[in-house]
Amino acid sequence: MSPLYYSFNQFLKEKFGERVQKVPLDAGFTCPNRDGTKGRGGCIYCNAYGSGTGAARKGLSVREQMLRGMEHMARRYGARKFLAYFQAFSNTYAPPETLRARYEEALVDERVVGLCVGTRPDCVDEAVADVLSEFRDRGLMVWVELGLQSVHNETLARINRGHTFEDFLTALEILKARGLLVCVHIIFGLPGEGPLEMLETVRTLARLPIDGIKFHELYVVRGSGMEKLYLEGRYRPLTQGEYADLTAEAIAHLPKRVVVQRLTGDPRPGELVAPDWARDKTGTRRLIEETMLNRGHYQGKYLE
Ligand code: SF4
C-alpha cells in the first residue's frame, strides 16, 4: 500500500497482478435530471456533455470506442487488461435489457476484465443491481460509481442534483446487499459549502460501507449554470492550495481499505472557464501529496 493513500493502480495490481487501464465510454444514455423526469437544466456544474467524451453523438458504437481506447492505452501504457468505464450521463438509466446489451457490447474480448458504471443514486434499483450482479457472477470486476457530491441536502438542492442523501443511502444498501463494489464521487468547492461541510461529507462516508472514492474540485464549464454564477461574480472557485489542503485532510479521515480512485477533476479540452489550475492535474496531485507529507498525514490517520 502507498504510504499516503490506497490508489486505484495499487488496488488493481493487487487484484490482477499488472497494470489495468480504464477505457472511458459514452454509450448514449441520458439523465433524468436533463430529460425532464427530474429536471431539465441538469446539475448546476454539468453541461450538455454530461462528463462524457461525446463519442455517442459522433456515432461511435460502444464496441468501437472500447477497441480504439484499448489500442490507444496499449500503445501509451503497455496495458494488457482493461476496464470498460461507462462514464457519460447516467449509465443505469434504461430498461434492464438495454443495460445488459450495452454492458455486453463493451466486453470485446478477454482483455476486458471488468465494468465501471457511473450513475446517479436515484437510478439504482433492484433490477439494475440484478443486471450488474450477472456480470460480477461471470467473474468480472464490477464497480458502480455513484455521484453524490455532498451529504448535505441543502447543498444538493442548491446545485439542482434532484436527489437526496437518503436516496444515496438506499442505492448503497441495494448495491452492497449484492456485494457490488461502490465508488462515491464527491466535489469540493460547491456553492454555499465551507471546509466544515466538505469534511463532514468525507467523515460521513468514512462510516459507510463504501469501497472507493473520487475527489473532484468544482470547476466551471461552458454552458453550465455555474458559468452564469461565476461570470456574475457570485461564485469564487477554490484555489489550488485550498483544494490540496482539503483533500489532504479528507484522506486522513478515510479508512485504509477505501480505494482513492481519483484526486482531481478532468475538464474536457476547451470547456473550462475557471479555475485555470484545473488543467494542472499533475501539479494538483503533487501538491496534495506534499501537503500530506508536510503534515505527516496518511490515509486513516484520524481513525487510529
Ligand atoms: S446527474 Fe450527471 S449527467 Fe445528470 S445533470 Fe447531473 S452531472 Fe449531468
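Any read-out appearing in this document is the output of simple, stated calculations on the displayed coordinates, not a laboratory observation. What you are looking at is a predicted structure, and each value in this text was computed from that prediction instead of being measured. Don't worry about glycine lacking a Cβ; one is built from the backbone with ideal geometry, like all the others, and counts go over all protein chains shown.
Pop out the Kirkwood hydrodynamic radius of the chain from its pairwise C-alpha distances, inverse of mean 1/r, in Å to one decimal.
Working: mean 1/r = 0.0509 Å⁻¹.
After inverting the pairwise mean of 1/r, the radius is 19.7 Å.
By counting other Cβ atoms within 10 Å of each Cβ, how are LEU229, LEU246, LEU25, LEU175 ranked from fewest to most? Write out the running numbers ahead of the final one.
Details: LEU229 16, LEU246 21, LEU25 31, LEU175 25.
Starting with the residue having the fewest Cβ neighbours, the order is LEU229, LEU246, LEU175, LEU25.
I'd like to compare 40-48, 79-87: which one has the highest average count of other Cβ atoms within 10 Å, and what's the full order after that? Don't skip to the answer; put the middle values down first.
On the way: 40-48: 18.6, 79-87: 21.7.
Final packing ranking: 79-87, 40-48.
How many angstrom lie between the C-alpha centres of segment 241-304 and segment 130-178?
If you average the Cα positions of each part, the centres end up 22 Å apart.
Relative contact order (percent) for the chain, with alpha-carbon contacts under 8 angstrom and 6 or more residues of separation? Spell out each step's value before the answer.
Working: 548 pairs, mean separation 55.9, N = 304.
The normalised contact order for the chain reaches 18 percent.
For the chain, can you list the cysteines whose C-beta has no other cysteine C-beta under 4.7 Å from it?
Within the chain, the cysteines lacking a partner Cβ under 4.7 Å are CYS31, CYS116, CYS123, CYS183.
Rounded to whole Hz and in sequence order, give me ³J(HN,Hα) for segment 213-221 from the Karplus expression 6.51 cos²θ - 1.76 cosθ + 1.60, θ = phi - 60°, writing x for Gly and Pro.
9, 10, 9, 9, 8, 6, 10, 8, 10
Kindly provide the trypsin sites (Lys or Arg not before Pro) of segment 241-272 that DSSP labels as loop, not H, G, I, E or B, and whose Cβ sees at most 14 other Cβ atoms within 10 Å.
LYS256, ARG257
Which one, HIS152, HIS297, LEU190, is farthest towards the positive end of the dipole of the chain when Lys and Arg carry +1 and Asp and Glu -1 on their Cβ?
Towards the positive end, the residue furthest out is HIS297.
Before rounding to the nearest 500, sum -39500 (n - 2.57) across all DSSP H runs of length at least 4 in the chain and divide by the residue total; then give [θ] at 222 nm in deg cm²/dmol. Kindly include the intermediate steps, with their values, before the conclusion.
Numbers: 10 runs with 115 residues, N = 304.
After summing the helix terms and dividing by the residues of the chain, the value is -11500 deg cm²/dmol.
Per 0.36 nm of contour for each residue apart, how much would the distance between GLU97 and THR282 grow if the chain were fully extended, relative to their Cα-Cα spacing?
On the way: separation 185, 0.36 × 185 = 66.60 nm, distance 4.01 nm.
Answer, rounded to one decimal: 62.6 nm.
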